[in-house]
1. What percent does the relative contact order of the chain come to when contacts are Cα pairs within less than 8 Å and at least six residues apart?
2. Let's see if you can work this out: charge +1 on each Lys and Arg Cβ, -1 on each Asp and Glu Cβ, no other charges. What is the dipole magnitude of the chain about its Cα centre, in debye to the nearest 20?
3. Arrange the peptides 96-108, 76-88, 22-34, 143-155 so that the one whose residues have, on average, the most other Cβ atoms within 10 Å appears first.
4. Which of 37, 89, 131 sits closest to the plus end of the dipole of segment 10-164, meaning its Cα is farthest towards the positive end, when Lys and Arg get +1 and Asp and Glu get -1 on the C-beta?
5. Can you compute the helix-only [θ] at 222 nm over the chain? Use -39500 (n - 2.57) per DSSP H run of at least 4 residues, normalise by all residues, nearest 500 deg cm²/dmol.
6. Among 15, 36, 135, determine the one that fluctuates most according to a GNM of the chain built with springs between C-alpha atoms less than 10 Å apart.
7. I want to verify a result. In a Gaussian network model of the chain, Cα cutoff 10 Å, which of these has the top mean-square fluctuation: 130, 156, 92?
8. Seen from all sides and averaged, what is the projected area of the convex hull of the Cα atoms in the chain, in nm²?
Amino acid sequence: MSDGASRPAVAIRPATRADVPLLHRLIVALAEYERAPDAVTGTPAMLAQALFGERPAAEALLAESRGEVAGFALFHGTFSTWECAPGLWLEDIYVLPEHRRAGVGEALVRRIAALALERGCTRLEWAALDWNEPALRFYRRLGAEVLDRWLLHRLDGERLRRVAGGNG
């Protein structure tokens, strides 16, 4: 994505198995940016299995600018029962600091939006941290709707095990 002389071209490509170590490093960088550096418990081997194993759980795109990796996006399918149609969930998007405000994030989101339409999806959704004002401004600029009546919920770790075991 380029607006002429002020922005270098951004190329978006699907991640390959060979990109897994790089993707894992970018995931760690994202966790550090989100003030949760110890939250990454997955390994490159686990990521490779999730993205390229027998039953891939997600997909990843890499953005390149000026001949170097500038960021990534990781996404997976969802389903709307009301619309009886698929959607995409943007799990994570991250642009390296030196490539921000150069169209990298926008190029990644535009490519995922195009994939959603190509696949017959009716929506593209994601969550954002409430303190991440640069990201929130970016999403507003794209025209994204904030779903303030919906609250994200999670069961993980011991809570997940307790509920799965019938003790919830």
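1. 18 percent
2. Numbers: 21 positive and 22 negative charges, 25 e Å.
Its charge dipole is roughly 120 debye.
3. Values: 96-108: 19.0, 76-88: 12.8, 22-34: 16.9, 143-155: 8.1.
Final packing ranking: 96-108, 22-34, 76-88, 143-155.
4. 89
5. Working: 5 runs with 56 residues, N = 168.
It comes out at -10000 deg cm²/dmol, rounded to the nearest 500.
6. 36
7. 156
8. Numbers: hull surface 47.9 nm².
It is 12.0 nm².
Throughout, read-outs are computed from the coordinates displayed, never taken from laboratory work. The model shown is predicted, which means the values in this text are computed figures rather than measured ones. Neighbour counts are summed over all protein chains in view; Cβ atoms, including those assigned to glycine, are modelled from backbone coordinates with ideal geometry.
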